[in-house]
Amino acid sequence: MKRTVIIILILSLVLSMFTVNVFAAETSAPVYLKLSSNSCGADGTIKLTSSAGFSRIYIEWVGIPGRWTLKADGNETACGINGFQHEYVELPKDVTEAEFFMPEGGKIYSVSAFPKDGRPLPEYIEIWEPQPERADVLVIATHPDDDILFLGGAIATLAAKKGWTVEVAHLMGYFNKTPVREHERMHGLWALGVKQYPQTGRFDAAHEGYRLYSGEWKGFFAITEFVTELIRRFKPQIVITQDLGGEYGHIRHQRLAAAVADAVEKSMYPDFCPASAQQYGTWDVKKTYLHLYSKNKIVLDLRQPLEDLGGKTALQAAKDAYKKHVSQQSGWFYVTDDPNDPRADEINAAYFGLYRSTVGYDTGNDMTENIVSYAEQEHIAKGKELVKSALESKAGKVFEFIKSKQEGGNGI
Ligand SMILES: [Zn+2]
């Protein structure tokens with residue numbers, strides 16, 4: 001099934017040899033591209049040509065390509081450094097030919113290229129930032145689309161806050177099952193305004209049905225280990241995850257929420273999941289929110305226009321992002337914040353509860369209450385440093401003045 005999908009996509013690209021998307025006039029339009037191949041041959045190259053000229057290149061790979069090199073106009077650009085499956089590369093000036101050099105077997109899923117014409121790129125072009133060393137917010141979802149359906153409003157709201165970093169991680173990885181869901185995962189998060197590259201799930205969805213219950217994944221504890229590692233690695237101030245009841249009773253959602261609840265209570269102890277403690281150090285999350293949690297409830301306002309999303313609301317952004325999960329549109333699922341929705345108790349994206357806090361309870365419906373973003377903390381620290389050095393310098397000048405007066409022997 002997955003091979004068929006890939007082959008169809010590759011064939012359609014090879015056959016068309018052109019990108020056919022049509023965009024609004026104000027954004028740059030892609031040039032017509034000709035690919036020498038979609039998968040890397042024995043010589044390790046794929047050639048990209050267009051007589052129209054291009055310099056802004058956006059590639060979606062079939063898998064994570066590893067390190068690769070883009071050669072154009074006699075220059076080499078090192079790419080694949082951040083392990084992105086969707087990567088944007090910009091050349092200094094337009095070229096008519098570029099070559100990809102990479103390990104044999106690298107496969108392009110789709111590619112678009114644009115000239116340097118001064119116009120902005122279409123919104124669908126994803127220009128990811130590397131995963132942060134520490135994220136203000138870590139969102140952990142089970143499957144790609146749970147992040148959108150249940151946590152998407154919260155993600156869009158937080159990602160739109162100036163200077164806040166939002167890292168999203170999934171439990172399940174789809175490279176071996178339905179690889180298109182890995183693409184949809186990123187398209188969805190990009191549509192929510194997330195900029196930090198998301199973390200792919202460690203658990204192979206191809207075996208989801210049974211391995212979670214078997215010894216192979218050490219029962220459910222393997223999920224707790226994974227979640228604990230994420231917490232220690234990204235050092236979040238806020239963690240957001242799904243419902244202990246599994247939203248509509250989904251067992252894997254339940255297990256994830258239980259694992260997160262367990263991990264945030266113990267991630268500060270070095271003897272709990274010691275391997276990740278040794279690798280990243282321990283970490284104590286300040287605030288942990290669970291979807292639909294029955295205590296310390298908050299109701300997010302997802303209907304405020306967000307400047308970062310061009311005036312779109314978080315609710316609309318989540319609805320639009322869910323459409324990016326094309327393979328999942330046949331189900332009953334939808335995004336809602338309506339308290340009167342018949343499924344509000346199972347899926348309402350505005351309903352959360354503060355499960356654990358080291359900084360006090362909320363007094364409003366704002367997840368960031370009592371939290372200062374890392375960027376703001378750095379800003380404040382720099383400000384203090386400046387004041388300190390200014391005071392020191394002033395004190396130094398006063399001292400020098402007094403000293404000079406004393407040395408001048410003016411009888412002071
Ligand atoms: Zn799910």
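Just so it is clear, none of the values below were taken in a lab; they were calculated from the coordinates. Everything numeric here is computed off the predicted structure, so don't read it as measured data. With ideal geometry, Cβ positions are generated from the backbone for all residues, glycine too; neighbour counts draw on all protein chains shown.
What the table shows:
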item	result
Summed residue charge, Cβ within 12 Å of residue 299's Cβ, Lys/Arg positive, Asp/Glu negative	-3
Relative contact order computed over the chain (Cα-Cα under 8 Å; 6+ residues apart), in percent	14
Cα-based Rg of the chain normalised by 2.2 N^0.38 Å, two decimals	1.16
Spatial separation of Cα centroids for segment 157-196 and segment 271-319, in angstrom	13
Highest to lowest packing among 383-393, 335-345, 89-99, scored as the average C-beta count within 10 Å	89-99, 335-345, 383-393
Full-extension gain in nm, residue 359 to residue 334, via 0.36 nm per residue minus C-alpha separation	5.6 nm
Span-like helix ranges in the chain, DSSP H, alpha carbon extent 15 angstrom or more, Kyte mean at least 1.6	2-16
Å³ per residue enclosed by the Cα convex hull of segment 137-376	117
Size of electric dipole in the chain: Cβ of Lys, Arg +1 and of Asp, Glu -1, about Cα centre, debye, nearest 20	440
DSSP beta bridge pairing in segment 137-376, given as percent antiparallel to the nearest 5	40
Share, in percent, of DSSP beta bridges within the chain that are antiparallel, nearest 5	70
Net charge of Cβ neighbours under 11 Å - reference residue 195; Lys, Arg +1; Asp, Glu -1	-4
Likely footprinting exposure, 233, 67, fewest C-beta neighbours within 10 Å first	67, 233
Cβ-based net charge around residue 127, under 12 Å, with every Lys or Arg adding one and every Asp or Glu removing one	-3
Relative contact order of segment 137-376, pairs being alpha-carbon contacts under 8 Å that are 6 or more residues apart, as %	26
Ranked by how many other beta carbons lie within 10 Å on average, peptides 189-199, 236-246 from highest	236-246, 189-199
